[in-house]
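Worksheet: the structure to be examined is printed underneath.
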Amino acid sequence: LFPLAVRGSEGLYMVNGPPSFTESTAFQRDSGKNCKAVAFSKDGSLFAWCNGEKVNVVNITRAELLHSFDLPKTVCLEFSPKNNVLATWQAYATAKDGTAGVPNLQLHDLRTGKCLKSFIQKKMQNWCPCWADDESICARNVNNEVHFFENNNFNTIANKLHLQKVSDFVLSPGAQPTKVAVYVPGSKGAPSFVRLYQYPNFGGPQSALANKSFFKADKVTMLWNKKATAVLVVASTEVDKSGASYYGEQTLHYVGASGESAVVQLPKNGPIYDVAWSPNSVEFCAVYGFMPAKATVFNLKCDPVFDFGTGPRNAAYYSPHGHILVLAGFGNLRGQMEVWDVKNYRLISKPVASDSTYFAWCPDGEHIVTATCAPRLRVGNGYKIWHYTGSVLHSYEVPSDEEMWQVFWQPFLDGVFPERAVRYQAVPSELPSAEPRPAQAYRPPALRNKPVTSSKLHEDEPPQNMKPQLGGSDKPVSKTALKNQRKHEAKKAAKQEAKADAHQGPAQVKPPQNALQNTVPATTTGDPEVDKKIKNLKKKLKAIEQLKEQAAAGKQLEKNQVEKIQKEAALLKELENLELGV
C-alpha cells in the first residue's frame, strides 16, 4: 500500500493506494478546516501537520503521536533528511513600536522535542535551511552570504561562503563530499554567474570547481543530477525585449563538476517550460519552444539523443526508476499526457487528465496521481490514480460545496521498490474510460453537408531517434564526425554515379541535342596545351547550354549572358578544329 495524504476543507486524512483505495487507519482524520501545512519525512515514516492550533508529529508506521508544538500560525514545515530536526516557519511580523519581531523560523530536536535554535527569516521564499543527505552540513542564506553549520550545531557558524551578492544556492544530493552551486546576479553591466564549490573549499575564484557566466538573467533555477556530477541552470528574464514571448526569455546552461560548461542548443525558439534530469544522471529532458512545444532528451555532451517531435506539452516527469517518461500539457493546456518507455523510446499510452493542477509519480514507479486543487481551480476538485498504461484505477471528486487543496504520496527511500518490466497492455480497471468523447468542432451551416477538410495551424513533427548509427555503434557521435561522415558518403555516391555513366552502353544513352558538345574524347591529342584548350571550350559550351535552358524557362538574361550565347557557333567551330587536328 502506498498511502496518499489529502488536505482540504473536508479536513486532513490519508487514503490507501492501490489496490484498496480505502481511508487509512494508520492516521486518524483531522476534521479541522484550518490545516495550512503538512510534510512527510524523506523516508515516509514521520508525518507533521499544523491544524491552526498546534503542530503535531506522528510516526505513521507505529500510528503514535511523537510531539505536539504550540505554534498555531505555522504555514511551512520540513523534516531534515535523517529525521533529527523539524523546521517550522511562521509569517514574520514586526512589533507595534517598530522594533524587530520575534524569531519566526524554529528548528526542533525530534528526539527531545526541544527547540534547538530560532532565527529571523523574513521571506517565505527559500525559508528552509538546506541539509546534506547525511545531515553533516546545514546551510542557509543570510544577507547575501551562505552560513554553514555542522552536525546540527546551530550555535556556531562553521563556515561562510561570501561572494558579492549570493542570491541563491543548492547543495548537491548524495554522499560526501558535499558540493554547493551558488548563483550571483549580474549588476552594472557585469554578467551573472553560477559557481560550483566543494565544501569547505571557498577560498577565492581559483577554488571553484566550475564557473559559468551569462547575461540575460533575472532569476535562475539550478538542478543537480542525482550523482552530483553536473548542474543544469535555467536562466530567465522577466521581459523578452524582442517582444517574441509573453513568458520572458530563457536559456539553458550545463555546468559539470569537473569544470566543463556549455549552453544547451535548443532547435526551436521560445520559452523553456520544463527541464528534468533522468534518475540515471546521464541524460536530461527539456520541453521548449513556442506551441506546439518540442521535447528532447540530451546526453552529458548536450547532444540530442531522442527528439519526441512537437505536441501540446509543458512538463516532463521521469519515473523514480527512470525507465518511463511522461510528457504532459497542464495549466492552460488540455491535460494530454504521453507515456514513453525511455529505454526503447516507444510510446506506451496517451491518457488525458483534464483540468489537472498537480501530477506525481508513486514511489513504486507504476502508478500516477493527477489532481485538480484549489485555489488554482475552485470547481471540479478531486484526484485520480492511474496506472501508467493509461487505466484510471480510482477517482474521487469532492462535493460541490467543498474544496481540495493538496494531494501527495507518502515517500519511500530509493531501492524499496524494485524496477519492473515495462508493460504496454492497459491494466484492467473497473472504472470506465477517463474522458468523454470531445465535442466536434463548430461548422457553419453552409459547410455542414460538405466533406470535412482538416486544417491545422501547425503540422506536428514526428518523434525521431537522434543517435547516429555509425558502424552499428550506439555511442552518440559529435557534430564534426557527422559532417565528415556525410561528406564521405556524398563523395562515394558521386564516384559510383561516374562509374555507372562510364559503363552505360551507347544504345542506352539518349542522344544529346548537341553531339559535339557532349562527347567526351576517348583519345587525347598528346599535347597537354591543346587538351587544356579543349577542356576549357567544353566548359564554356556547357555554361552556354545552361543559360539557354534558363532563357527557355522565361528568365531575363543579362547583356553579358546574351553575348555568351551568341559566341556558341564560334566556340563549336574552334572545338571541332582542335579535335580534328588530333
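Just a few scattered comments:
- Any hit, the stretch 379-395, residues being in a loop (DSSP other than H, G, I, E, B), of a type in the set (A, V, I, L, M, F, W, C) and open to solvent by less than 60 Å² (accessible area, probe 1.4 Å): no
- For the stretch 207-265, a tally of residues being modelled with pLDDT of 85 or more, open to solvent by 60 Å² or more (accessible area, probe 1.4 Å), part of a loop (DSSP other than H, G, I, E, B) and farther than 16 Å from Trp277 by Cβ returns 3.
- The set of residues in the stretch 186-203 being more than 30 Å from the chain's Cα centre (by Cα) and either within 17 Å of Leu171 (Cβ to Cβ) or open to solvent by less than 30 Å² (accessible area, probe 1.4 Å) (or both) consists of Pro200, Asn201, Phe202.
- Residue list for the stretch 9-32, filter: open to solvent by less than 30 Å² (accessible area, probe 1.4 Å), in a strand (DSSP E or B) and closer than 26 Å to Gly365 by Cα: Leu12, Tyr13, Met14, Val15
- For the stretch 357-372, a residue qualifies if it is open to solvent by 10 Å² or more (accessible area, probe 1.4 Å) and more than 13 Å from Ser319 (Cβ to Cβ), and the qualifying residues are Thr357, Tyr358, Thr372.
- Neighbours by Cβ (under 6 Å, 6+ apart or cross-chain): first from the stretch 70-88, free of Cβ contacts under 8 Å to residues at least 24 places away in the same chain; second not in a loop (DSSP other than H, G, I, E, B): Lys73/Gln90
- In summary, Ala316 fulfils each of the numbered conditions (1) under 19 Å from Pro267 (Cβ atoms); (2) in contact (Cβ under 8 Å) with a residue 60 or more places away in the chain with the single exception of condition (2).
- If you go through the stretch 302-320 and pick out every residue that is more than 11 Å from the chain's Cα centre (by Cα) and either over 26 Å from Thr372 (Cα atoms) or not in a loop (DSSP other than H, G, I, E, B) (or both), you end up with 10.
- Screening Leu163, Leu86 for residues that are open to solvent by less than 30 Å² (accessible area, probe 1.4 Å) and either of a type in the set (D, E, K, R) or modelled with pLDDT under 90 (or both) leaves exactly one candidate, Leu163.
- Members of the stretch 327-356 found to be surrounded by 22 or more Cβ atoms within 10 Å (Cβ to Cβ) and among the β-branched types (Val, Ile, Thr), listed by number: Val339
- If you filter the stretch 35-74 down to residues that are of a type outside the set (Asp, Glu), in a strand (DSSP E or B) and open to solvent by 50 Å² or more (accessible area, probe 1.4 Å), you find that the one that is nearest to Leu4 (Cα to Cα) is Leu65.
Residues checked against (1) of a type outside the set (S, T, N, Q); (2) under 29 Å from Gln198 (Cα atoms); (3) outside the structural domain of Ala175 (by the TED database):
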residue	(1), (2), (3)
Ala230	yes, yes, no
Ser236	no, yes, no
Glu249	yes, no, no
Val255	yes, yes, no
Tyr273	yes, no, yes
Ser281	no, yes, yes
Phe308	yes, no, yes
Gly311	yes, no, yes
Leu325	yes, no, yes
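- For the residues Asn151, Asn104, Asn143, Asn155, the requirement of being over 12 Å from Tyr199 (Cβ atoms), among the polar types (S, T, N, Q), open to solvent by less than 20 Å² (accessible area, probe 1.4 Å) and free of Cβ contacts under 8 Å to residues at least 40 places away in the same chain singles out Asn104.
The values are calculated or read from the model by the stated rules, or taken from the named source; none is laboratory data. Values in this document were obtained by computation on a predicted structure and should not be read as measured data. As a convention, Cβ positions derive from the backbone with ideal geometry for all residues, glycine included, and neighbour counts pool all protein chains shown. Just the protein is used for accessible areas: all its heavy atoms, side chains included, with ligands, DNA and RNA removed. Shrake-Rupley method; radii C 1.70, N 1.55, O 1.52, S 1.80 Å.
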